[in-house]
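Everything on this sheet refers to the single structure shown next.
The values are calculated or read from the model by the stated rules, or taken from the named source; none is laboratory data. Please read all numbers here as calculations on a predicted model, not as lab measurements. A quick note on method: Cβ atoms are made from the backbone with ideal geometry, for glycine too, and the neighbour counts reach across all protein chains shown. Surface accessibility is based on the protein's heavy atoms, side chains included, excluding ligands, DNA and RNA. Shrake-Rupley method; radii C 1.70, N 1.55, O 1.52, S 1.80 Å.
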Amino acid sequence: MSQSEPSVLRVEHARKAFGSLIAVNDVSFSVEQGEIFGIAGPNGSGKSTLFNIISGVPFAADAGRFILAGQDVTGLRAHLRFRRGLARTFQTETAFDCLSVEENIDLARVYGPDNPEEAYGVAEALELSKISRHTAEMNAGEISVFDKKKLMIATAVVARPKLLMLDEPAAGLTKTEIDELREVIVELNRAGISIVLVEHVLPLLLSVAQRVLVLNQGEEVMTGPPDEMIKDPRVIEAYLGRKGHDRVSAA
Ligand SMILES: Nc1ncnc2c1ncn2[C@@H]1O[C@H](COP(=O)(O)OP(=O)(O)O)[C@@H](O)[C@H]1O
Ligand SMILES: [Mg+2]
């Protein structure tokens, strides 16, 4: 990591409210080139809303600035943020069920980077996301939940993004599937894609993330390496409440 390289993502004072509920409240952080950056926090703490306002899908922020590899993308619509190299997946698997897996990936490729030569081929995207040849020919409506999650990753990475944001990819998966997902994440990262991972499955998050931002009620609790995160009393309190914190401290 060279000192002169700009952060792959800088989020400055991001905010999003729904009526009187402030879902994301003055959140700032940076993701460095090549990093796997984790985001954790209890349900409803604003993780998905933060992804939404960073990617612009389905809505923009009320306030804040978003800088992608040194370029301000705050005013850009979602598809232009994607073309600049910012890709995301969703908590619920989404795909065009009437198209084959390969066709889904090819479609995402068409909407890919400004310079199409920068994109991966469909075959490379299949390999990177560990989708089998057999599955590639099936209709997206017929494949397993895990394959659909991998398809969502393949459509996000086919454009060879600078940054891939994954929203709880391990939800609902078996332990074996989570192990394979870990390999996919690590391999994508090795291929040069920086990653933001929102994840409730802490063993996965803590084993791949270099740093973790913990949110609670829309606000930053702390940002630090996994070993600091798991013993930070503020994090324990955010997850378990004050009583839980006292129990853990007394133990
Ligand atoms: N589209 C929306 N309209 C109204 N409230 C929303 C919307 N999206 C999220 N919220 C609320 O914002 C808060 C944060 O939600 P979310 O970002 O989904 O949390 P997380 O992903 O951490 O579980 C929650 O209280 C949720 O109910
Ligand atoms: Mg969420």
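Scanning region 56-105 for residues that are within 16 Å of ligand 1 (Cβ to nearest atom), open to solvent by 60 Å² or more (accessible area, probe 1.4 Å) and in contact with a strand residue (DSSP E or B) (Cβ under 8 Å, 6 or more places away or on another chain) turns up ASP62, PHE90, GLN91.
Just to be sure I understand, how many residues within region 31-55 are assigned to a loop (DSSP other than H, G, I, E, B) and surrounded by 22 or more Cβ atoms within 10 Å (Cβ to Cβ)? Final tally of qualifying residues: 3. The residue that is most open to solvent (accessible area, probe 1.4 Å), counting only those in region 1-30 that are touching a Lys or Arg at 6+ places or on another chain (Cβ under 8 Å) and acidic (Asp, Glu), is ASP26. Pairs meeting the criteria (first residue in region 35-56 and under 16 Å from PRO226 (Cα atoms), second residue charged (D, E, K, R) and within 6 Å of ligand 1 (Cβ to nearest atom), beta carbons under 9 Å, at least 6 apart or on different chains) are ILE39/LYS47; ALA40/LYS47; GLY41/LYS47.
Against the numbered list (1) hydrophobic (A, V, I, L, M, F, W, C); (2) outside any helix (DSSP H, G or I); (3) out of contact with any helix residue (DSSP H, G or I) (no Cβ under 6 Å at 6 or more places or on another chain), ALA23 comes up short only at (3).
When LEU99 is tested against (1) at negative phi; (2) within 16 Å of ligand 2 (Cβ to nearest atom), just one condition goes unmet, and that condition is (2).
Is one or more of the residues making up region 231-243 within 14 Å of ligand 1 (Cβ to nearest atom) and either surrounded by fewer than 20 Cβ atoms within 10 Å (Cβ to Cβ) or among the aromatic types (Phe, Trp, Tyr) (or both)?
Restricting attention to region 231-243, the residues satisfying the condition of being within 14 Å of ligand 1 (Cβ to nearest atom) are 238-239.
The next check asks that each one be either surrounded by fewer than 20 Cβ atoms within 10 Å (Cβ to Cβ) or among the aromatic types (Phe, Trp, Tyr) (or both); those that pass are 239.
There is at least one residue in region 231-243 that is within 14 Å of ligand 1 (Cβ to nearest atom) and either surrounded by fewer than 20 Cβ atoms within 10 Å (Cβ to Cβ) or among the aromatic types (Phe, Trp, Tyr) (or both).
The residues of region 182-205 that are surrounded by fewer than 14 Cβ atoms within 10 Å (Cβ to Cβ) and closer than 14 Å to GLY85 by Cα amount to a single one, GLY192. Listed by position, the helices (runs of 4 or more DSSP H) enclosed by region 142-251 that each have at least 2 residues that are under 18 Å from the mean Cα position of the chain (by Cα) are 145-157, 175-190, 202-208.
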